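Below: one structure, written as structure tokens.
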Amino acid sequence: MATIIAPPIGAQAQAPRRLHISEYLRWSVDHKVIGVQYAVTSLFFFIVGGILAMLIRAELLTPQLDLVQNGQQYNTLFTMHGTVMIFLFIIPMWGAFGNYFVPLMLGAKDMAFPWLNALAFWMIPPAGILLLLGWLIGAPEAGWTSYPPLSSLFSGDGQTMWIMSLHLLGISSILGAINFIVTIKNMRPIGMGYFQMPLFVWAVLAQAITIVMATPFLAGALTLLLLDRIAGTAFFNPAGGGDVLLWQNIFWFYSHPAVYIMILPGFGVLSEVLSVHSRKPIFGYRAIALSSLAIALVGFTVWAHHMFVSLTPELRIPFMITSMIIAVPTGIKVFSWLGTLWGGKLHFTPAMLFALGFLSMFVIGGISGVMLAAVPFDVQVHDTYFVVSHLHFVLFGGSVFAVYAGIYHWFPKVTGRMLNDRLGQVHFVLTYLGFFFTFFPQHLLGMLGMPRRVSVYAPEFQGLNVVVSVAAFLLGISVLVLFYNILRSLREGRAAGPNPWRALTMEWTTTSPPPPHNFHGDPVPFDDPYGYGTEASAAYIDAIERRFGPSAPLSTERRNMPAAQGGD
Amino acid sequence: MNVSERKTNGRNSNALLWIVLAGLAIIGGGFLISLLTPYLFPAQGSTQAQQVDNLFRFMLVIGGAIFLLVQGVLAFSVIRFRAKPGDVSDGAAIHGNTTLEFVWTAIPAVIVLVITIYAYQVWQTTRAVQPNEQVVGTVGARFAWSFSTNVTPDQFPAGVELSQLDPAVQADIEEDGYITITSPQLHTYVGQPVQLQMVTQDVLHSFWVPAMRVKQDLLPGRTTDIRFTPVEAGMYRIVCAELCGSGHGNMAGTLVTTDDNPVYQGAWLNVHADEAAFRREFLEPETLAVLFPPEDPAARGRQLLASGAYPCNTCHVLSDLGWTGNLGPSLDGVGTRTQRLSQTGQPDMEAYIRNSIRRPTDFLVPGFGPLMPQFNPEPDQPNYMPEDHLNAIVAYLLTQTE
């Protein structure tokens, strides 16, 4: 039934290879080095965006201006916060996971185009610097959505730098996505069809297709905006025959799919983590795999729900219908994940805690998403804190929780060391509480009448805003716990061994961290990446350990136990 | 074997009962959650609000039930299926269940279909054209609202004879059959359907009255409209919901009034109890002010600025009119503020103030940025300010002495 790697005679467990910082500061075509480069860069910008968020919440402690001197300064804060978090944290962070693990999960030595891979990464740091330097010459103040005419006729010169920065990031994103599609298409090992791929790889494939189809539209819109700003054209200026809605249409034709660009790999991480840490096969593999594709495709038909207060009223109805439809494949995923938990043996590792946290928070974002799709209700809460809440439930409660789950799940593979469980639990509790009380009350603020993107607000909203700000500071502190854990574990974490979670996907069939070309010989995939609960899968995992040495922590417990209770 | 089989069968026969009970519990929970609806919105100010709130309550029943379902299954799994310490065995090798997967695809599909149909009906009713609509022109400009109503001679206060009027006003009425009154507040009365026809003078704005549950963007180059019918007298906040620049948060206007001092300032929607009160308190005084403009240019300038025809109040302080804007220099005492006159290149304060309106970037007061729009003399230009308005406003501002 299962093919098992024959352990070569005399193979020894290998101590984790020491990681030299200098290796990560220079051009490298090794997908693992590039993956870490992506991760560290993204986490740096996560801190930058997080500090901006703290400043925003500090300003909103009172209904008047106090921290910033005028509305314009405040506008630059949330413009930069949104842009940094979306384009310099979440999207590159999925680049990190994808680059590191897609080749490993496919048993490949590297990505299909290693040099292109490095090129895509090295566009990100200059783009980030370009964006932040905008503060020196008049930061952009039109929000991350940069609607003209505010962005074309009013915003500072930093808006032009914003355009150039996003252009670079868009090119980087497209190059990376092409690389993923080619790698997944061509570099699967013998015996692994599309429906034997790990679901993370499926999710990256769906994401990459979305990027390749959508991101050129962002490039087009940015080019038109750039010309309006510096070349005197009037694509978005009605005085010169242009149209302000043109920007909104093209921008959201990219930026709604971009929501799925930011969440699809998170869905993939969740499928991996829930199955492994529940010791149970993923429930409804095909439904999860294909619903990723369905989301990616239907995601291209819903963009104008971001324009429910600007679009011609009659045109809002078709977009309400498509926006409602897209809830169905997302629901399928959530129910399939619940089905995965049902009857499993749940181990509450930090990765699992964040995956469960994702499920419980993301569902709120899903419910508010359906409510927002209903035009008459959306009209009330459009451009209010309800939307701010919804998008953070999806992108923080969803994407960031998934990033955290992925960090705890795969840190042992990348570094050869375990993260500290206790600190991970503290991190989870702080994040979960901080997140909920930061974002849930914002639903109420929006419905009661507080618009988004304001630095001054009606005094009756102060109570809820104080709750939100205090919780946000807690959320800020929670991030410090993660960074402390990472830095501490890099130095003194327990050795992880090849497969600490006793997982079946192929990144665990090699040493931690993997050697330069990933595998010792040609690895053979287990025929079902989620085939837990069978004797064959237990034998496959045991064979990995016999070959590469013991793993922490499950395998150490395991040796003190009677024979594994496989069963069907 | 026998024991475990019996156990399984026993569980199955109870399963249906448990599913039914749990289903009833979560749906009941959804209903309970939906009872919160009135506390989540401002008080209902329009017929549209009633419809939207009903739609929301319906969605909250379903959303609340789904929330309870998912969190309940999660909590149950976390408790029931947690691995015992030291247990490193795997869970059951279950890969899926086609029936179950079909059910949880079909049920959400039906739910969103029902919500879509309901939402479509609400949408059609809330924006339906009403008979006898009060049509109000709405202008959004950084960072203030102004509202204009056309008043025809048959709506003039009793006793007004066309022949008594100033020839310029008469000519205005003859030209298009009405006069236009402008106000920084939007006035209407209970039961009167309102249609706003909205234009913007600069960037995107979005007209929102939370209590009315209506919102619509103002788009450069287009006229957009919005409809609502107030059901409750009162004063409601008008909010700009679309980012429009540094004063975006201030574009709601500020209220410095109490119930016994009904001096409405800033951009507020004021709803009168009935049409008689509306005519008495708002329409007739405003109409008379336009029909009989003050002879004195300074008084006329004051009236123009107080009417909200120009959005100066958002950015400037002017105590005489109760302005509290903080983005531009204060206008208190501007008539005698001569200490920087020599740097402006203008011969006197009148020329300086005039030039600051026609070409505001020629001289910037230290500490302030080039935020002010340029008000132009020609009707086809943006931010049109006729010469006689400018003369009156300058005359008024020159009376603001320290």
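The values are calculated or read from the model by the stated rules, or taken from the named source; none is laboratory data. Note that the coordinates shown come from a computational prediction; the quantities given were computed from them, not determined experimentally. Cβ coordinates were reconstructed from backbone atoms using ideal geometry, including for glycine residues, and neighbour counts include every protein chain displayed. Please note that ligands, DNA and RNA were not included when accessible areas were found on the heavy atoms of the full protein model with its side chains. Shrake-Rupley method; radii C 1.70, N 1.55, O 1.52, S 1.80 Å.
Before moving on, here are some points about what is shown:
- Two-site FRET efficiency, A:ASP157 against B:LEU364, from Cβ-Cβ distance with R₀ of 25 Å, rounded to 0.05: 0.90
- Geometric extent, Cα atoms of region A:265-347 - Rg, Dmax (angstrom): 16.4, 52
- Length added when fully stretched, A:PHE348-A:PHE437, from 0.36 nm per residue minus Cα-Cα: 29.7 nm
- The candidates A:SER389, B:SER356, arranged from most to least accessible area with a 1.4 Å probe in the full protein assembly, appear as B:SER356, A:SER389.
- Surface calculation, 1.4 Å probe, protein heavy atoms: B:HIS95 sits at approximately 90 Å² accessible.
- Peptide A:277-286 - average C-beta neighbours from other chains (10 Å radius): 5
- Three-way shape label, region B:311-398, alpha-carbon gyration tensor, a/c 1.5: rounded
- Once the Cα atoms are used to define both axes, helix B:349-358 deviates from the longest principal axis of chain B by about 40 degrees.
- At least 20 Å² of accessible area lost relative to the chain alone, listed for region B:32-66 with a 1.4 Å probe: B:LEU40, B:PHE41, B:PRO42, B:VAL52, B:LEU55, B:PHE56, B:MET59, B:GLY63, B:ILE66
- Coupling constants for region B:132-143 follow from the phi torsions by the Karplus curve (6.51 cos²θ - 1.76 cosθ + 1.60, θ = phi - 60°), and in residue order they are 6, 6, 8, 8, 10, x, 10, 10, x, 9, 4, 9 Hz; glycine and proline get x.
- Listed residues A:ALA221, A:ILE282, A:ALA405: farthest to the positive end of the dipole of region A:42-491 (Cβ charges): A:ILE282
- GNM on chain B, alpha-carbon springs under 10 angstrom: the most fluctuating residue among B:PHE102, B:PHE363, B:PHE156 is B:PHE102.
- Between helix A:350-373 and chain A: long-axis angle, C-alpha atoms, 0 to 90°, nearest 10: 30 degrees
- Other protein chain Cβ atoms within 10 Å, averaged over every residue that makes up A:319-332: 4
- Helix axis angle, B:167-176 relative to chain B longest principal axis, alpha carbon, degrees: 40 degrees
- Descending principal axes extents, the protein assembly as shown, alpha-carbon based, whole Å: 111, 65, 42
- Apportionment of accessible area to carbon and sulfur, the protein assembly as shown, percent (1.4 Å): 64 percent
- Computed over protein heavy atoms with a 1.4 Å probe, the accessible surface of region A:117-164 works out to 31 Å² per residue.
- Selection from A:LEU132, A:VAL309, A:PRO265 lying farthest towards where the dipole of the protein assembly as shown points positive, charges on Cβ: A:PRO265
- Shielding by partners - mean other protein chain Cβ count within 10 Å, residues of B:107-120: 6
- Interface burial for A against B (accessible surface, 1.4 Å probe, total of both chains, Å², rounded to 100): 7300 Å²
- Cα centroid separation - region B:306-384 against region B:120-143, whole Å: 34 Å
- In this label model, A:ILE317 and B:GLU133 are separated by 1.8 nm, measuring between points 7 Å along each Cα→Cβ vector.
- A crude spin-label estimate for the pair B:GLN343 and B:TRP18, with each label 7 Å from Cα along the Cβ direction, gives 8.0 nm.
- Rolled with a 1.4 Å probe across the full set of protein chains, the surface gives A:LEU338 an accessible area near 10 Å².
- GNM remark for chain B: springs join alpha carbons under 10 Å apart, and the peak mean-square fluctuation among B:VAL290, B:VAL239, B:VAL88 falls on B:VAL88.
- Accessible surface of A:TRP252 - all protein chains present, 1.4 Å probe, nearest 10 Å²: 20 Å²
- The simple spin-label model puts a point 7 Å past each Cα toward its Cβ; for A:HIS20 and A:ILE137 those points are separated by 3.9 nm.
- Excluding ligands, DNA and RNA, the accessible surface per residue across chain B is 48 Å² with a 1.4 Å probe.
- Comparing B:ALA144, B:ALA65, B:ALA158 in a Gaussian network model of chain B where C-alpha atoms under 10 Å apart are linked, the largest mean-square fluctuation is found at B:ALA158.
- Accessible surface comparison of A:HIS392, A:HIS427, probe 1.4 Å, protein chains only, largest first: the order is A:HIS392, A:HIS427.
- Using the average count of surrounding beta-carbon atoms within 10 Å as a protection proxy, the listed peptides A:303-312, A:414-423 rank, highest first, as A:303-312, A:414-423.
- Loop-located GluC sites (Glu not before Pro) in region B:55-161 (DSSP state not H, G, I, E or B) with no more than 11 neighbouring Cβ atoms inside 10 Å: B:GLU161.
- Length added when fully stretched, B:GLN50-B:ASP332, from 0.36 nm per residue minus Cα-Cα: 97.0 nm
- Computed as a quarter of the hull surface, the mean projected area of the alpha carbon convex hull for chain B stands at 31.1 nm².
- Accessible surface ranking for A:TRP94, A:TRP342, 1.4 angstrom probe, highest first: A:TRP342, A:TRP94.
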